[in-house]
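**Student:** This is the structure I want to talk about, given as structure tokens.
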Amino acid sequence: MANHPAGTRSRVRVLDHIERASPARLRRLLTWIVVIVMTGLVTHGNYAGSGDAVHYMVIARSVAFDRDLDLSNDYSDSTSLIREQPGAHARPGVDGALRPVHDVGLPFIAAPVFWAAYQIASLTDRLPESLRRRAKLNEFIALRQLLSLFMIGVTVWLGRLFFDVSSAMTGHKALAFLWALVWTLSPPILSHGYVLLTEVPSALIALIVYSRLGEVNGERPIPRGLLLGMLTGVLILIHVRNAGLMLALAALVAWRVRHAPLRGAGFAAGLLVMGAMKVALNLQFWGTAITTPHEHFGAWISFGSFMAASVSSGLGLLFDARHGLLPSAPIFLLAPAAWWLLARRSRTTGFEVLLLVSAYLVLILNPITNIHGWRGGWSPAARFLVPIAPFLGLAVPLLFAARKNLLVAGAIVAVQIGLNAFFWAQPMTMWSEGPGPAAFLVSLAGPAFAAAWPIFDTLTSATRLLAAAIVVVWLGLTWMLVRAATRRAIAIA
């Protein structure tokens, strides 16, 4: 210790102190930090009661109070706290009832919480008028804020589980704890973690199932497998976009029980039950088993057009200022290097993570299985990547275990923390719809810089060149980080 510089000694002491703490204590600390930060975020003006979120509220209202999924009275009730027109978010079904085009899994899960929040919000007018005026509080805003607290609870659960899985996967408890804080309080988790949308719950359920896959080969594999199968099936009820994750998790279970197939019977039964529920709802609403007016397959286009559209979607999801991941969350630049180190450490784990990410993206990026494109509509950036965000970040502590990586990786994290502070103070700048300058870039760097950022709707010569340059730099960064970590491993060996 005496041979290390003062800064290094301080870092080692901090890590040693965290390493000695029990996992339960670290989970409690993570909980309090995330709750305080995200509760503070929703005290600022935000858009949590707009876009798809408000229509999920309408569905939850129908489930909570009417015990049905006919939204006719929910949209037309003049006494409702939610005053919204259905627009394209609800359509008449085969029986004439007004049905939601959104998947209903999240409203079903949230219905009890929604019922309580609605009852409490209905009492808002009993508060002193001066308080309501200062807080800019009405019944709907009170409902929105209460539902945000519920979603923050879901996000805390996700952050705690992310810490546990990352710590077990990498073997670095202290680094996993610090990384879990950064990851949870950064977009896209920070930006979606207080909104009644499907993405954070999807990420949580996928990570729960993945973290417990070993139970299919443990004691009582049938009942535990049944629960895991039902949870996996819930993914498709929450959003059909999760089909890739569902299929990948099912494939991982099949692989794990390949030598004793009967151990997978419980999982298969649970998955079948939830799949049957999805089909039954579809038949009741639309008269079709799988597709809906909102979710159906696109027409086949030429192979060249198919590849161009898929590549354009991938570039947009990564680099677009308004809806891409990296402009607001540069920490995910570390993901490829971290995955490489994970695969070197455990080929099986590396393959599992790659399968989960790839299976999800295959259905998201191509225009046949995703007719809505890569943008998330009126929402924060990288909405479609939130369900796989845990799997992109779990292995990052392996990078920070190499001292030579601290300067570069630490600089990226420092930039991210600065961005997080900005987004915390101005959460409205995280929301966008369609092409154009990103609001957060306008605030941070000015209109000229924001307008100069390319739009990735189509692959022009300029966007191809810029994307190629970014990818080359990214590959160089990945090689440098992997090389530094590999040299450390060789030196230790």
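**Student:** Of all the helices (runs of 4 or more DSSP H) wholly in the range 1-117, which have at least 2 residues that are in contact (Cβ under 8 Å) with a residue 60 or more places away in the chain and under 20 Å from the mean Cα position of the chain (by Cα)?
**Tutor:** Details: elements: 6-20, 23-41, 52-61, 72-76.
The qualifying helices (runs of 4 or more DSSP H) are 23-41, 52-61.
**Student:** Still on this structure, I have one more. Do we have Pro336 as more than 15 Å from the chain's Cα centre (by Cα), touching a residue at least 24 places away in the same chain (Cβ under 8 Å) and outside any helix (DSSP H, G or I) here? Quick ask: steps written out before the conclusion?
**Tutor:** Values: more than 15 Å from the chain's Cα centre (by Cα): yes; touching a residue at least 24 places away in the same chain (Cβ under 8 Å): yes; outside any helix (DSSP H, G or I): no.
No: the conditions fail for Pro336.
**Student:** Could I ask something else about it? Output the residue which, of all residues in the range 118-127 that are hydrophobic (A, V, I, L, M, F, W, C) and assigned to a helix (DSSP H, G or I), is surrounded by the fewest Cβ atoms within 10 Å (Cβ to Cβ).
**Tutor:** For the range 118-127, the residue satisfying everything is Ile120.
**Student:** Hey, can you tell me all the residues within the range 52-70 that are surrounded by fewer than 18 Cβ atoms within 10 Å (Cβ to Cβ) and of a type in the set (D, E, K, R)? It would help to see each step written out before you state the result.
**Tutor:** Here is the first cut: in the range 52-70, the ones surrounded by fewer than 18 Cβ atoms within 10 Å (Cβ to Cβ) are 65-68, 70.
Correct list: Asp66, Arg67, Asp68, Asp70.
**Student:** Pairs under 7 Å by beta carbon, first residue closer than 21 Å to Ile59 by Cα in the range 185-210, partner outside any helix (DSSP H, G or I) and of a type in the set (Val, Ile, Thr), six or more apart or different chains?
**Tutor:** Tyr194/Val42
**Student:** Here's a follow-up. Filter the range 420-452 down to residues that are within 15 Å of Ala381 (Cα to Cα) and in a loop (DSSP other than H, G, I, E, B), then give me how many there are.
**Tutor:** Count: 7.
**Student:** Note down all Cβ pairs under 8 Å where the first residue falls in the range 277-298 and is in contact (Cβ under 8 Å) with a residue 12 or more places away in the chain, the second is of a type in the set (Ser, Thr, Tyr) and part of a loop (DSSP other than H, G, I, E, B), and they're at least six residues apart or on different chains.
**Tutor:** Between residues of the range 277-298 that are in contact (Cβ under 8 Å) with a residue 12 or more places away in the chain and residues that are of a type in the set (Ser, Thr, Tyr) and part of a loop (DSSP other than H, G, I, E, B), the close pairs are Phe285/Thr292; Trp286/Thr292; Phe297/Thr291; Phe297/Thr369; Gly298/Thr369.
**Student:** Could you give every pair whose Cβ atoms fall below 7 Å, whose first residue belongs to the range 395-419 and is at positive phi, and whose second residue is not in a loop (DSSP other than H, G, I, E, B), counting only separations of at least 6 or pairs across chains?
**Tutor:** Final answer for the pair search is none.
**Student:** List pairs: first residue in the range 461-483 and surrounded by 15 or more Cβ atoms within 10 Å (Cβ to Cβ), second residue assigned to a helix (DSSP H, G or I) anywhere in the structure, Cβ distance under 6 angstrom, at least six positions apart or on different chains.
**Tutor:** Note: pairs meeting the criteria are Ala467/Leu315; Thr478/Pro336; Thr478/Ala337; Leu481/Ala337; Leu481/Leu399; Leu481/Asn405; Val482/Ala337; Val482/Trp340.
**Student:** Here is a further query. Checking Gly171 against (1) buried (at least 20 other Cβ atoms within 10 Å of the Cβ); (2) farther than 26 Å from Ala425 by Cα: exactly one of these is not met. Which one?
**Tutor:** Going through the list (1) buried (at least 20 other Cβ atoms within 10 Å of the Cβ); (2) farther than 26 Å from Ala425 by Cα, Gly171 breaks only (1).
**Student:** Does Ile222 satisfy the criteria of being of a type in the set (A, V, I, L, M, F, W, C), assigned to a helix (DSSP H, G or I) and farther than 14 Å from Ile388 by Cα? Explain how you work it out, then say what you get.
**Tutor:** On the way: of a type in the set (A, V, I, L, M, F, W, C): yes; assigned to a helix (DSSP H, G or I): yes; farther than 14 Å from Ile388 by Cα: yes.
The answer is yes for Ile222.
Bear in mind these aren't lab numbers, they're just calculated from the coordinates by the rules spelled out. Keep in mind it's a predicted model, so treat the numbers as computed, not measured. Positions of Cβ are backbone-derived with ideal geometry, glycine not excepted, and every protein chain shown enters the neighbour counts.
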